[in-house]
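Q: Next up is a structure, given as structure tokens.
Any read-out appearing in this document is the output of simple, stated calculations on the displayed coordinates, not a laboratory observation. Just so you know, these numbers come straight off a predicted model, no measurement behind them. As a convention, Cβ positions derive from the backbone with ideal geometry for all residues, glycine included, and neighbour counts pool all protein chains shown.
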Amino acid sequence: MFRSILVVCTGNICRSPIGERLLRQQLPGKLITSAGIYGLEGCPADEAAQDVAWRHGLSLDGHIARRLTHSQMEKSDLILVMEPQHLHFIAATAPEIRGKSLLFGHWLKQQDIPDPYRKSNEAFEYVFEQLGKASQEWARRLS
């Protein structure tokens, strides 16, 4: 059974905070956290990420970016990443953990969730929509 889920992106300021909060809404009984491979430690969520989340009724208040650690990965039952490069990073740094790592977009035909950092509002809207669809699929399968 999956009790703890770790959501991973690159900086932990755009995609993974949104994915984390969406999963928390849909899976209230699970421990869901996030981190970034190159986490911008101590930073809040990106302003554009906060704006798109707010427009959709989701708060990123209180989010503080963290760098991904081996300990976080070990303690998590499931690790959801945004793109294949993140899977490769995990496989290279912690091969024993690769088996519990999947794409966040796994149930959307293995779809990547592209990085919207410093891109248009439309890019953030697209990413929010994809994260929303993917989180619904994860919640359906993990409930």
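Q: Please tell me if LYS109 is farther than 15 Å from LEU23 by Cβ, in contact (Cβ under 8 Å) with a residue 24 or more places away in the chain and more than 14 Å from the chain's Cα centre (by Cα).
A: no
Q: Can I ask one more? Quick one: in the range 14-29, which of the residues that are in contact with a strand residue (DSSP E or B) (Cβ under 7 Å, 6 or more places away or on another chain) and buried (at least 19 other Cβ atoms within 10 Å of the Cβ) is nearest to PRO116 (Cα to Cα)?
A: Among those that are in contact with a strand residue (DSSP E or B) (Cβ under 7 Å, 6 or more places away or on another chain) and buried (at least 19 other Cβ atoms within 10 Å of the Cβ), it is ARG15.
Q: Name the residues in the range 23-81 that are of a type in the set (Lys, Arg) and farther than 25 Å from TRP107 by Cβ, would you? I'd like the intermediate steps shown before the answer.
A: Of the residues in the range 23-81, the ones of a type in the set (Lys, Arg) are 24, 30, 55, 66-67, 75.
Once the filter is applied, which keeps residues that are of a type in the set (Lys, Arg) and farther than 25 Å from TRP107 by Cβ, the range 23-81 yields ARG66, ARG67.
Q: Sticking with this structure for a sec: Considering only the range 31-62, state which residues are within 22 Å of ILE90 (Cβ to Cβ), buried (at least 20 other Cβ atoms within 10 Å of the Cβ) and out of contact with any Cys (no Cβ under 6 Å at 6 or more places or on another chain).
A: Once the filter is applied, which keeps residues that are within 22 Å of ILE90 (Cβ to Cβ), buried (at least 20 other Cβ atoms within 10 Å of the Cβ) and out of contact with any Cys (no Cβ under 6 Å at 6 or more places or on another chain), the range 31-62 yields ILE32, SER34, ALA35, GLY39.
Q: Moving on. Check SER59, SER76 and return the single one that is under 14 Å from the mean Cα position of the chain (by Cα) and polar (S, T, N, Q).
A: Only one candidate passes the filter, namely SER76.
Q: Is there any pair linking a residue in the range 117-129 that is farther than 13 Å from GLY105 by Cβ to one that is acidic (Asp, Glu), with Cβ under 8 Å and at least six apart or on different chains, and which?
A: Taking only residues 6 or more apart or on different chains, the pairs are TYR117/ASP46; ASN121/ASP51; PHE124/ASP51.
Q: Please name all residue pairs, on different chains or six or more residues apart, with Cβ atoms under 6 Å, provided the first residue is in the range 79-100 and is closer than 17 Å to PRO114 by Cα and the second residue is in a helix (DSSP H, G or I) and not polar (S, T, N, Q).
A: VAL81/LEU87; MET82/ARG15
Q: Kindly provide the set of residues from the range 74-130 that are in a loop (DSSP other than H, G, I, E, B), among the charged types (D, E, K, R) and either touching a strand residue (DSSP E or B) at 6+ places or on another chain (Cβ under 8 Å) or exposed (fewer than 13 other Cβ atoms within 10 Å of the Cβ) (or both), ordered by number.
A: ASP77, GLU83, LYS109, ASP112, ASP115, ARG118
Q: When you scan the range 1-59, how many residues do you find that are outside any strand (DSSP E or B) and under 27 Å from GLU74 (Cβ atoms)?
A: Count: 33.
Q: Which one is surrounded by the fewest Cβ atoms within 10 Å (Cβ to Cβ), of the residues in the range 1-13 that are of a type outside the set (D, E, K, R) and under 12 Å from LEU142 (Cβ atoms)?
A: Selected residue: MET1.
Q: Tally time: how many residues in the range 60-73 are touching a strand residue (DSSP E or B) at 6+ places or on another chain (Cβ under 9 Å) and assigned to a loop (DSSP other than H, G, I, E, B)?
A: Residues of the range 60-73 touching a strand residue (DSSP E or B) at 6+ places or on another chain (Cβ under 9 Å): 63, 65-69, 72-73.
After this cut, where a residue has to be assigned to a loop (DSSP other than H, G, I, E, B) as well, the list is 63, 65-66, 68-69.
Qualifying residue count for the region: 5.
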